[in-house]
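The values are calculated or read from the model by the stated rules, or taken from the named source; none is laboratory data. Note that this is a predicted model, so its numbers are computed, not measured. Quick reminder, even Gly has a Cβ in these numbers, built from the backbone with ideal geometry, and neighbours come from all protein chains shown. When the accessible area is computed, the model is the full protein with side chains, heavy atoms only, and any ligands, DNA or RNA have been set aside. Shrake-Rupley method; radii C 1.70, N 1.55, O 1.52, S 1.80 Å.
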Amino acid sequence: MAENKNTGTEQGALWGGRFEGGVAEAMQSFGASLPVDNRLWKEDIQGSIAHAQMLGAQDIIPAADADKIVAGLESIAADIEAENWDFFDLADEDIHMNIERELTQRIGEAGGKLHTGRSRNDQVATDMRLYCKGECAELAAALNQLRATLIKKAEAHLTPGKETIMPGYTHLQKAQPVLFAHHLMAYQWMFARDCKRFMAAAEAADVLVLGSAALAGTTYALDRDAVATALGFASVSPNSLDAVSDRDFICDAVYASTLAMVHLSRLCEELILWSSDEFGFITLDDAYATGSSIMPQKKNPDFAELTRGKTGRVIGDLVGLLTTLKGLPLAYNKDLQEDKEGAFDAFDTLAVCLEAVCGMIDTMQVNAEAMAAGAQGGFMAATDLADYLVGKGVAFREAHEIVGRVVLSCEQAGRCLQDLSSAELAKIDEHFGDDALEVIDIRTVVAQRTTVGGTAPKRVAEQIAQAKKLLSADSS
Ligand code: ARG
């Protein structure tokens with residue numbers, strides 16, 4: 001068994017008074033969250049400054065002490081900003097105690113007044129809310145960047161009369177031709193929804209919980225509205241028990257990250273397929289591909305694959321967080337310290353994957369001929385040929401059957417629909433006239449899909465205009 005070394009109260013734990021001995025050495029690093037939560041230093045100092053100023057203004061502590069605290073916290077912030085982390089010490093357990101101890105070391109006795117009417121329970125929740133608000137705004141902006149890139153690429157392939165056409169798939173079998181711009185825009189809409197989800201998550205985080213203290217509120221005459229205003233929170237939490245236990249806003253932000261990753265993963269899966277020799281629809285830029293250490297000919301879509309792979313981690317982050325929360329009684333429990341690592345990982349992973357995919361889309365070469373050639377095959381105009389017969393008075397079911405026979409005869413002869421002559425068609429069924437060939441032209445097939453949201457060029461142009469409007473509203 002490991003020796004139970006005591007670290008001793010002389011090391012200065014902030015709860016030292018109640019204890020005769022220190023925590024076992026092995027438990028010190030087990031209990032410490034500093035290596036993870038040190039990234040909250042800015043929010044922690046921001047929250048402490050607002051709290052101290054309010055304590056001073058309410059005469060809960062002398063105004064001169066409040067000023068000293070604020071100046072001390074600012075000097076700590078300046079040091080950390082300058083990358084001087086010398087005072088970070090695992091013995092302090094977390095960022096909150098670390099900064100408070102350092103403050104007292106710098107300004108003396110006044111530092112001990114900062115924690116009046118406050119607990120680490122409302123402090124950490126405040127820090128996380130501030131942090132999540134910032135992350136949500138940044139990730140929404142990165143998503144908007146990707147939306148803009150997709151829109152730009154879609155527009156580049158929408159030149160009238162020369163629109164890039166590709167096969168559309170269901171079951172990964174060729175189904176009907178679609179505009180490449182339409183396909184890109186489908187992803188744009190997913191990322192537009194992701195952006196909304198981050199905005200909603202930021203709103204969920206936008207509540208001041210400081211002033212809830214450990215769990216029940218406090219005896220001091222705190223001015224919570226003033227603190228909310230100082231920290232830019234839209235409202236003040238109405239229930240202190242809920243306030244210190246609630247991590248819903250983190251779940252919201254991590255879920256928004258997870259779904260955005262799932263969308264990126266699906267897009268990456270297509271980029272991987274499209275860049276294969278079998279498809280040949282795109283060529284990734286060298287900046288977004290890697291080679292093989294053994295096979296000289298290889299160009300691998302590593303970053304698309306990594307994005308797809310990292311999606312699993314982020315899904316894990318969400319499941320981990322929800323699982324941590326599911327059994328917790330009110331109010332604060334130390335389990336909640338586990339809310340950070342996965343959330344930070346989800347945000348960081350999404351941020352780097354967004355950058356990767358944005359770059360891939362922006363720089364990839366689109367092989368329009370290969371797409372068009374793919375759109376000719378696979379009898380993708382079959383539905384249009386059936387619709388043509390319906391126009392000639394044939395019932396749809398019968399038309400379906402007739403075109404089925406056309407497809408079969410082509411397949412047996414190794415030909416595609418566009419290879420057929422009108423005489424050959426008329427031989428199969430008398431309803432086929434000379435104009436039947438027009439409807440199987442790939443451009444016609446696409447242009448006919450004019451329902452709102454359809455793939456006809458004018459409809460795609462409309463959705464792009466709509467998407468641009470929404471993007472500019474979301475960006476402001
Ligand atoms: N490091 C802790 C956390 O992240 C801060 C709150 C600790 N509160 C407590 N009563 N032990 O959750």
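Miscellaneous remarks
- Taking 0.36 nm per residue of separation and subtracting the Cα-Cα distance, full extension of the segment from GLN365 to TRP15 would add 119.8 nm.
- Calculated on the Cα set of the range 414-476, radius of gyration then Dmax: 18.6, 61 Å.
- Close amide H partners of GLY168, meaning residues 5 or more places away or on another chain with modelled amide H under 5 Å apart, are ALA175, GLN176, VAL178.
- The listed residues PHE396, PHE233 rank as PHE396, PHE233 when sorted by accessible area, largest first, using a 1.4 Å probe.
- The range 30-50 and the range 182-255 have Cα centres spaced 18 Å apart.
- Cα lying deepest toward the dipole's positive end in the range 77-152, options ASN121, LEU146, LEU90, charges on Cβ: LEU146
- LEU306 accessible area, assembled protein chains, probe 1.4 Å, Å²: 90 Å²
- Heavy-atom surface of the range 343-470, accessible at 1.4 Å and reported per residue (Å²): 48 Å²
- Once the C-beta distance of ALA200 and ASP434 is scaled by a Förster radius of 41 Å, the resulting FRET efficiency is 0.15 to the nearest 0.05.
- Three-way shape label, the chain, alpha-carbon gyration tensor, a/c 1.5: prolate
- Antiparallel content of DSSP bridges confined to the chain, in %, to 5: 85 percent
- The peptide list 83-93, 380-390, put in order of mean Cβ contacts within 10 Å with the highest first, becomes 380-390, 83-93.
- Think of each Lys and Arg Cβ as +1 and each Asp and Glu Cβ as -1; about the Cα centre, that makes the dipole of the chain roughly 1260 debye.
- Degrees between helix 63-81 axis and first principal axis of the chain (Cα, 0 to 90, nearest 10): 50 degrees
- Environment charge of MET199, counting only residues whose C-beta is closer than 13 Å and scoring Lys/Arg +1, Asp/Glu -1: -3
- Legend: calculated FRET efficiency, ALA57 to GLU355, from the Cβ-Cβ distance at R0 = 45 Å, rounded to 0.05, equals 0.55.
- For ILE282, the residues 5 or more places off, or on other chains, whose built amide H falls under 5 Å of its own are SER275, ASN367.
- Average accessible area per residue (Å²) across the range 177-311 - probe 1.4 Å, nucleic acids and ligands excluded: 43 Å²
- Relative to the longest principal axis of the Cα atoms of the chain, the long axis of helix 339-363 lies at roughly 40 degrees.
- For the residues ASP285, ASP122, a 1.4 Å probe over the protein chains yields an accessible-area ranking, largest first, of ASP285, ASP122.
- For ARG405, the solvent-accessible surface computed with a 1.4 Å probe is close to 110 Å², ligands and nucleic acids excluded.
- Under the convention that each Lys and Arg Cβ holds +1 and each Asp and Glu Cβ holds -1, the size of the dipole of the range 337-424 around its Cα centre is about 740 debye.
- Rounded percent of accessible protein surface that carbon and sulfur make up, the chain, 1.4 Å probe: 53 percent
- In nm, spacing of pseudo-spin labels at THR283 and ALA78 (7 Å Cα→C-beta vector): 5.6 nm
- Gain in span if fully extended, ASP348 to ALA175, counting 0.36 nm per residue against the direct Cα distance: 58.5 nm
- When shorter helices are ignored and each DSSP H run of at least 4 residues is given -39500 (n - 2.57), the per-residue value for the chain at 222 nm works out to -20000 deg cm²/dmol.
- The rule of thumb for compact globular proteins, 2.2 N^0.38 Å, goes into the C-alpha radius of gyration of the range 192-271 1.46 times.
- Across the chain, Cα pairs under 8 Å and at least six residues apart give a relative contact order of 15 percent.
- Between ALA205, ALA71, GLY47, the Cα set farthest toward the positive side of the dipole of the chain (charges on each charged residue's Cβ, about the Cα centre) is that of ALA205.
- Accessible area per residue (1.4 Å probe, heavy atoms of protein chains only) ranks GLU43, GLU278 as GLU278, GLU43, with the largest value leading.
- Heavy atoms of ILE99 accessible to a 1.4 Å probe, total area in Å² rounded to 10: 0 Å²
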